1. Starting from the Cα gyration tensor of segment 370-456, take the square roots of the eigenvalues, sort them a ≥ b ≥ c, and report rounded, prolate or oblate (rounded when a/c is under 1.5, otherwise prolate if a/b is larger than b/c, else oblate).
2. Would you kindly give the portion of the calculated P(r) for the chain that falls above 40 Å, as a percent of all Cα pairs?
3. Given the peptides 45-52, 385-392, arrange them by the average over their residues of other C-beta atoms within 10 Å, most packed first.
4. Can you pull the percent of Cα pairs in segment 279-385 with separation above 21 Å?
5. Can you tell me which of 88-99, 162-173, 319-330 comes out highest on packing, and rank the rest after it, using the mean Cβ neighbours within 10 Å?
6. Taking the square root of 5 times each eigenvalue of the Cα gyration tensor, what semi-axes in Å does the equivalent ellipsoid of segment 101-153 have, largest first?
7. Considering every pair of different Cα atoms, what Kirkwood radius, in Å, is found for segment 214-346?
8. Could you tell me which of rounded, prolate or oblate describes segment 306-456, using a ≥ b ≥ c as the square roots of the eigenvalues of the alpha-carbon gyration tensor, with rounded for a/c under 1.5 and, failing that, prolate when a/b is larger than b/c and oblate otherwise?
Amino acid sequence: MDKSLIKILLVAIAINLVALCNGGITSPYVRGVDPSTDMPFNSDVFRPPKGYNAPQQVHITQGDHIGRSVIVSWVTPSEPGTNIIQYGKVHNKTEFEAHCNEVVTYKFYNYTSGFIHHCTIHNLQYNTRYFYQLGSGEVTRQFHFKTPPEVGPDAPYTFGVMGDLGQTYNSNETVEHYVSKGRGQAVLFAGDLSYADHYPFNDQRRWDTWGRFLERSTAYQSWIWAAGNHELDYIPEVLETTPFKPYTTRYHVPYEASGSTSPLWYSIKRASAYIIVLSSYSSFGKYTPQYNWLKQELPKANRSETPWLIVLLHSPWYNSYNYHYMEGETMRVMFEPWFVQNKVDIVFAGHVHGYERSERVSNIEYSIVNGKCTPVSNPSAPVYITIGDGGNIEGRANNFTEPQPDYSAYREASFGHAIFDIKNRTHAHFAWYRNLGKVADVGDSLWLHNRHWLPQ
Ligand SMILES: [Fe+2]
């Protein structure tokens, strides 16, 4: 072979190598043991509390638009029992009572739920610890929570972030790491809760075990819920045709406070954050309720009051795994221009059982004739985080598209959780922790500059 041909070949190989290596980081970390099986019904984390009809599956979430109310939900297994919440600022001393009437049950195929209570405590003071007790007599149970600071541009706040949790040994590890770290003040949950639908006829007892499993966190801090596909619980063969029935019956959110007509999409303000929750599995085409709501909702985020604009949804828009590839594409096409116009800071999604962080990119220029269909760097675009790595029964996503696309900054097929730590109006720190046996190891982290206050 003559020398010039060898030279051409070498140059061609070098160009190809550059082309293959121009994406971000694909972490080579692979965990050895990976038992993605659900914990059995008799696991200690599922054990009901002692005593007849003791309140169980206790969970709280923000109950209004500004963080001065809390919705407390719980289940009594045998009879309705008391609806009263006793609460106050001093441990073991009851100052106030909230009286509520809402107790519901539901049937699903051959299952009948326990008595599901929802009770909103109103007019709480900001930044204050409250103790509350449920039940009566020997089966009284006590918990506590802290309200967020008053809504304001420099109110620091630390969110945990999780998705696709399920109830496996891996899920337990994720929750244990999050709780033991003790840093998160509320959780942003990106959908797919119990995975009860993994079982024949969507065995609803797995919703109950999940509620008891998570109580160690959900009874003490607000979890901000988004719905995933595993919340659909849709089985027409046995006439279960109301999508999201178990989820919306068990988990209430303050959707009416943001003018929404559905619990599947809503917004809240919490400290310095404006959080918008969307539903990947509800209509979002033009003129649909979700579309109309979001169109008028996004401009309501006053960045002088709540600088951090966060979106929580289930099916990711930027995903370079070979799992659920392009499933978020239709929603991206509909809403991405609005996200860029309104300078959303960060979008958390689940669905894909791994972790991925995008660069700030957009893909909104395309028309049927111009061919501009590649994501481009855009400082007004959010960072997209896929965090469907809670550890559910379906196992890890461990197969990537290759080469790694330019928009993908970091991806790793591990289970874990994240902490999103807002410091002030300009800076927030994000860190993703992979499960590593008894410890959680930082896999990826970065400082985020607020898109409104520090857009460079
Ligand atoms: Fe999902």
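Where a number appears in this text, it was derived from the coordinates with a stated rule and is not lab data. This is a predicted model, so every value here is computed, not measured. No Cβ is skipped: glycine too gets one built from the backbone with ideal geometry, and neighbour counts run over all protein chains shown.
1. Oblate.
2. Distances greater than 40 Å cover 19 percent of the Cα pairs.
3. Values: 45-52: 13.9, 385-392: 29.5.
The peptides rank, most packed first, as 385-392, 45-52.
4. Working: 2002 of 5671 pairs.
The proportion of pairs with Cα distances above 21 Å equals 35 percent.
5. 162-173, 319-330, 88-99
6. Numbers: eigenvalues 185, 58, 17 Å².
Ellipsoid half-lengths, sorted descending, are 30, 17, 9 Å.
7. For segment 214-346, inverting the mean 1/r across all distinct Cα pairs yields 16.0 Å.
8. Judged from the Cα gyration tensor, segment 306-456 comes out oblate (a/c at least 1.5, b/c at or above a/b).
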